[in-house]
Ligand SMILES: [Zn+2]
């Protein structure tokens, strides 16, 4: 049984027997894994904070080939992200990101870009104001989906390639692209996209989470930001549901409810 060592973010855990727990973790080198942490619930456990949800830790585990539940050997805390659990305004967004990761990532497949995104997001969210938190979350969703192959293309008409300069655009959620007025068909359902959202999406496509979360491509006033974040969230929800990336929206944000 090989012994593996990797950095990981703890996505969640559940009790196992009286003194143990099973954790779900997104690792830098092995994708998502489930680990049995024997004795983790005893007061003297050496694991304690390293296995709390949102913690970034270095984990050492025995990798079993016969089952998907591996055996944790050691855990050392790198970063606790304790503030995420304490702040009611930002906790739901951290929980939703972990829930999404647990749903999106099915197996033990390495994806360094996704790992980096998750860690960057939790670090930025920990420092976020309540106004910034939803924005960071939807940027996380945008980049997470993009890394997994679902990037909406708001550059040009997907049928003819024409780039237009207008006040609003039509977006085809199944095709994942814009369509120009001449190529729009009555039988198809489109989302309406404002010029602001199109510009934002274009700048996001040429950036990464770390850079984008420094807000330079956003309106400077809070109400302008809130409006754009609302539009971005509605757009991503619709696009990702149609693409089948989500079966349903994360429960921890109450995103399933229409607002
Ligand atoms: Zn066209």
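Within region 105-121, the set of residues being out of contact with any strand residue (DSSP E or B) (no Cβ under 9 Å at 6 or more places or on another chain) and touching a residue at least 12 places away in the same chain (Cβ under 8 Å) comprises 112, 113, 117, 120, 121.
Hey, could you check region 122-178 for residues that are touching a strand residue (DSSP E or B) at 6+ places or on another chain (Cβ under 9 Å) and touching a residue at least 60 places away in the same chain (Cβ under 8 Å) and say which is farthest from the ligand (Cβ to nearest atom)? Here the answer is 122.
Here's the yes/no breakdown for (1) surrounded by 16 or more Cβ atoms within 10 Å (Cβ to Cβ); (2) farther than 18 Å from residue 228 by Cα:
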{"residue": "152", "(1), (2)": "yes, no"}
{"residue": "158", "(1), (2)": "yes, yes"}
{"residue": "161", "(1), (2)": "no, yes"}
{"residue": "171", "(1), (2)": "yes, no"}
{"residue": "185", "(1), (2)": "no, yes"}
{"residue": "192", "(1), (2)": "no, no"}
{"residue": "195", "(1), (2)": "no, no"}
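For region 67-77, the criterion of being free of Cβ contacts under 8 Å to residues at least 40 places away in the same chain, in contact with a helix residue (DSSP H, G or I) (Cβ under 7 Å, 6 or more places away or on another chain), surrounded by 20 or more Cβ atoms within 10 Å (Cβ to Cβ) and outside the structural domain of residue 210 (by TED's automatic domain parsing) is met by at least one residue. Among what's in region 21-44 and is touching a strand residue (DSSP E or B) at 6+ places or on another chain (Cβ under 8 Å) and not in a strand (DSSP E or B), pick the residue that is surrounded by the most Cβ atoms within 10 Å (Cβ to Cβ). Among them, the one singled out is 40.
Comparison of 94, 76, 85 shows that the only residue that is over 25 Å from residue 147 (Cβ atoms) and assigned to a helix (DSSP H, G or I) is 85.
Working only within region 46-66, note down all residues that are assigned to a helix (DSSP H, G or I) and exposed (fewer than 15 other Cβ atoms within 10 Å of the Cβ).
Of everything in region 46-66, just one residue is assigned to a helix (DSSP H, G or I) and exposed (fewer than 15 other Cβ atoms within 10 Å of the Cβ), namely 49.
For region 29-52, residues that are more than 14 Å from residue 63 (Cα to Cα) and either modelled with pLDDT of 95 or more or over 19 Å from the mean Cα position of the chain (by Cα) (or both) total 14. Considering (1) more than 18 Å from the chain's Cα centre (by Cα); (2) assigned to a loop (DSSP other than H, G, I, E, B); (3) at negative phi, the lone condition that residue 110 does not fulfil carries the number (1).
Residue count for region 82-91 satisfying the condition of being in contact with a helix residue (DSSP H, G or I) (Cβ under 7 Å, 6 or more places away or on another chain) and surrounded by fewer than 20 Cβ atoms within 10 Å (Cβ to Cβ): 4.
The values are calculated or read from the model by the stated rules, or taken from the named source; none is laboratory data. It should be emphasised that the depicted structure is a prediction, and the values quoted were computed from it without experimental measurement. FYI the Cβ positions are ideal-geometry reconstructions off the backbone, even for glycines, and counts take in every protein chain you see.
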